[in-house]
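This is the structure I have questions about; it appears just below.
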Amino acid sequence: MNGQEFAAALTWRRHLERGKSFFVDLLQGQLRSSLTCLTCGHTSRRFDPFLYLSVPVTKDMSNVTDAIGKYLEEEVLEGAEQWHCEKCKRKVNARKKIDLWKLPPVLVLHLKRFEFDA
(Lines give C-alpha, C1' and ligand atoms only; values in the text may rest on other atoms or scores of the structure.)
Protein backbone atom coordinates (compact mmCIF):
# COMPACT_ATOMS: atom_id res chain seq x y z
CA MET A 1 0.00 0.00 0.00
CA ASN A 2 1.51 3.35 -1.02
CA GLY A 3 1.25 6.62 0.94
CA GLN A 4 -1.82 7.89 -0.93
CA GLU A 5 -3.72 4.66 -0.45
CA PHE A 6 -2.89 4.71 3.26
CA ALA A 7 -3.99 8.36 3.63
CA ALA A 8 -7.24 7.64 1.75
CA ALA A 9 -7.99 4.55 3.85
CA LEU A 10 -7.26 6.41 7.10
CA THR A 11 -9.47 9.37 6.11
CA TRP A 12 -12.29 6.99 5.10
CA ARG A 13 -12.02 5.03 8.35
CA ARG A 14 -12.19 8.22 10.44
CA HIS A 15 -15.22 9.34 8.43
CA LEU A 16 -17.01 6.02 9.00
CA GLU A 17 -16.33 6.20 12.74
CA ARG A 18 -18.39 9.41 12.88
CA GLY A 19 -21.35 8.33 10.77
CA LYS A 20 -21.64 4.79 9.50
CA SER A 21 -25.11 3.94 8.23
CA PHE A 22 -27.01 2.20 5.46
CA PHE A 23 -26.92 5.41 3.39
CA VAL A 24 -23.18 5.85 3.82
CA ASP A 25 -22.60 2.26 2.70
CA LEU A 26 -24.89 2.70 -0.31
CA LEU A 27 -24.35 6.28 -1.49
CA GLN A 28 -21.07 7.68 -0.20
CA GLY A 29 -17.80 7.70 -2.08
CA GLN A 30 -14.45 9.43 -1.74
CA LEU A 31 -12.73 12.12 -3.82
CA ARG A 32 -9.03 12.92 -4.02
CA SER A 33 -8.27 16.63 -4.50
CA SER A 34 -4.77 17.55 -5.63
CA LEU A 35 -3.22 21.01 -5.84
CA THR A 36 0.20 21.33 -7.49
CA CYS A 37 2.34 24.47 -7.38
CA LEU A 38 3.41 25.54 -10.87
CA THR A 39 6.49 27.26 -9.37
CA CYS A 40 8.13 24.55 -7.25
CA GLY A 41 6.07 21.42 -8.04
CA HIS A 42 4.88 20.87 -4.43
CA THR A 43 1.62 18.87 -4.31
CA SER A 44 -1.01 18.89 -1.58
CA ARG A 45 -3.62 16.11 -1.52
CA ARG A 46 -6.86 15.69 0.43
CA PHE A 47 -9.39 12.89 0.56
CA ASP A 48 -13.02 13.91 1.09
CA PRO A 49 -16.29 11.96 1.25
CA PHE A 50 -19.18 12.80 -1.09
CA LEU A 51 -22.85 11.83 -1.30
CA TYR A 52 -23.40 13.11 -4.84
CA LEU A 53 -21.47 14.77 -7.66
CA SER A 54 -22.72 18.09 -8.98
CA VAL A 55 -21.67 17.83 -12.64
CA PRO A 56 -21.95 20.50 -15.35
CA VAL A 57 -24.13 19.82 -18.39
CA THR A 58 -23.76 21.77 -21.64
CA LYS A 59 -25.62 21.70 -24.94
CA ASP A 60 -22.83 19.88 -26.75
CA MET A 61 -22.78 16.89 -24.34
CA SER A 62 -24.51 13.71 -25.44
CA ASN A 63 -23.55 11.30 -22.61
CA VAL A 64 -23.50 11.44 -18.82
CA THR A 65 -19.84 10.43 -18.99
CA ASP A 66 -19.13 13.76 -20.78
CA ALA A 67 -20.45 15.63 -17.72
CA ILE A 68 -18.40 13.49 -15.34
CA GLY A 69 -15.31 14.04 -17.52
CA LYS A 70 -15.87 17.81 -17.41
CA TYR A 71 -16.22 17.68 -13.61
CA LEU A 72 -12.91 15.80 -13.34
CA GLU A 73 -11.01 18.10 -15.75
CA GLU A 74 -7.84 19.66 -14.43
CA GLU A 75 -7.96 23.43 -14.03
CA VAL A 76 -5.34 26.12 -13.49
CA LEU A 77 -5.77 28.46 -10.54
CA GLU A 78 -4.38 31.90 -11.34
CA GLY A 79 -5.08 35.56 -10.71
CA ALA A 80 -7.61 36.01 -7.89
CA GLU A 81 -7.85 32.19 -7.54
CA GLN A 82 -4.15 31.60 -6.81
CA TRP A 83 -3.25 28.97 -4.20
CA HIS A 84 -1.02 29.54 -1.16
CA CYS A 85 1.89 27.08 -1.53
CA GLU A 86 3.25 25.79 1.80
CA LYS A 87 6.71 25.36 0.29
CA CYS A 88 6.97 28.71 -1.55
CA LYS A 89 5.23 30.53 1.36
CA ARG A 90 3.20 32.70 -1.04
CA LYS A 91 0.28 32.67 -3.46
CA VAL A 92 1.17 30.98 -6.75
CA ASN A 93 -0.46 29.65 -9.89
CA ALA A 94 -1.39 26.01 -9.40
CA ARG A 95 -3.05 23.01 -11.06
CA LYS A 96 -6.18 21.68 -9.36
CA LYS A 97 -7.37 18.14 -10.07
CA ILE A 98 -10.21 16.10 -8.59
CA ASP A 99 -10.24 12.31 -8.97
CA LEU A 100 -12.86 9.73 -8.05
CA TRP A 101 -10.98 7.64 -5.49
CA LYS A 102 -13.70 5.36 -4.10
CA LEU A 103 -17.00 4.92 -5.88
CA PRO A 104 -20.20 4.05 -4.00
CA PRO A 105 -22.48 1.18 -5.12
CA VAL A 106 -25.04 3.84 -6.18
CA LEU A 107 -23.65 7.03 -7.75
CA VAL A 108 -25.97 10.04 -7.42
CA LEU A 109 -25.45 12.85 -9.92
CA HIS A 110 -26.81 16.38 -9.69
CA LEU A 111 -26.98 17.75 -13.23
CA LYS A 112 -26.13 21.47 -13.34
CA ARG A 113 -28.04 22.51 -16.44
CA PHE A 114 -27.66 26.27 -16.15
CA GLU A 115 -24.71 28.57 -16.79
CA PHE A 116 -24.16 32.07 -15.39
CA ASP A 117 -24.01 34.68 -18.15
CA ALA A 118 -23.17 38.20 -16.97
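Collect residues whose amide H, placed 1.01 Å from N in the peptide plane, falls under 5 Å from the amide H of Trp101; neighbours closer than 5 in sequence don't count.
For Trp101, the qualifying residues are Gln30, Leu31, Arg32.
Considering only protein heavy atoms and a probe of 1.4 Å, how much of the accessible area of the chain is carbon and sulfur, as a whole percent?
Of the solvent-accessible surface of the chain, carbon and sulfur hold 53 percent.
Hand me the trypsin sites (Lys or Arg not before Pro) from segment 1-106 located in a DSSP loop with no more than 16 other Cβ atoms within 10 Å, in residue order please.
The qualifying sites are Lys20, Lys59, Lys87, Lys89.
Given Asn63, Ile98, Asn2, which one lies farthest toward the positive end of the charge dipole of segment 1-98, if we put +1 on the Cβ of every Lys and Arg and -1 on the Cβ of every Asp and Glu?
Asn2
For Lys97 and Ala7, compute 0.36 nm times the residue count separating them, minus their Cα-Cα distance, and round to one decimal in nm.
That works out to 30.7 nm of additional length.
Given points 7 Å out from each Cα along the Cα-Cβ axis, report the Phe23 to Glu75 separation in nanometres with one decimal.
That separation, rounded to one decimal, is 2.7 nm.
At a threshold of 8 angstrom on Cα-Cα distance, excluding pairs fewer than six apart, so keeping six or more, what relative contact order does the chain reach in percent?
Normalised by residue count, the contact order of the chain is 33 percent.
Additional query: Using the Cβ atoms and a cut-off under 9 Å, what net charge is assigned to the surroundings of Leu38, where Lys and Arg are +1 and Asp and Glu are -1?
Surrounding charge for Leu38 is 0.
Give me the one-decimal nm value for the distance between modelled label points at Tyr52 and Arg113, 7 Å along each residue's Cα-to-Cβ direction.
1.4 nm
Give the accessible surface of the chain per residue, rounded to a whole number of Å², with probe radius 1.4 Å and ligands, DNA and RNA excluded.
Per residue, the chain has an accessible area of 71 Å².
Cross-chain or 8 or more residues apart, Cα under 23 Å: how many lysine pairs in segment 56-118 fit that? Count them up, please.
So the count of such lysine pairs works out to 12.
Can you work out ³J(HN,Hα) from phi for every residue in segment 21-32, in order, using Karplus 6.51 cos²θ - 1.76 cosθ + 1.60 and θ = phi - 60°, giving whole Hz and x for Gly and Pro?
Couplings: 7, 4, 5, 4, 4, 8, 10, 9, x, 9, 9, 10 Hz.
Could you tell me how many cubic angstrom of Cα convex hull volume segment 1-68 has per residue?
So the per-residue hull volume is 140 Å³.
For segment 53-64, in order, what is each residue's ³J(HN,Hα) by Karplus, 6.51 cos²θ - 1.76 cosθ + 1.60 with θ = phi - 60°, in whole Hz (x at glycine and Pro)?
For segment 53-64, the Karplus curve yields 10, 9, 9, x, 10, 10, 4, 7, 8, 10, 9, 4 Hz.
Going by accessible area, probe 1.4 Å, with all protein chains left in place, what is the ranking of Val64, Val108, largest first?
Result, largest first: Val64, Val108.
With runs of 4+ DSSP H residues as the only contributors, calculate the mean residue ellipticity of the chain at 222 nm using -39,500 (n - 2.57) per run, divided by the residue total and rounded to the nearest 500.
-8000 deg cm²/dmol
Follow-up. Mind checking Rg over Rh on the chain, alpha carbons, Kirkwood formula for Rh?
Radius of gyration relative to Kirkwood radius: 1.02.
The values are calculated or read from the model by the stated rules, or taken from the named source; none is laboratory data. What you see is a predicted model, and the numbers here were worked out from it, not measured in a lab. Heads up, the Cβs are rebuilt from the backbone with ideal geometry, glycines too, and the neighbour counts pull from every protein chain shown. Note: accessible area is taken over every heavy atom of the protein model, side chains too, but ligands, DNA and RNA are not part of it. Shrake-Rupley method; radii C 1.70, N 1.55, O 1.52, S 1.80 Å.
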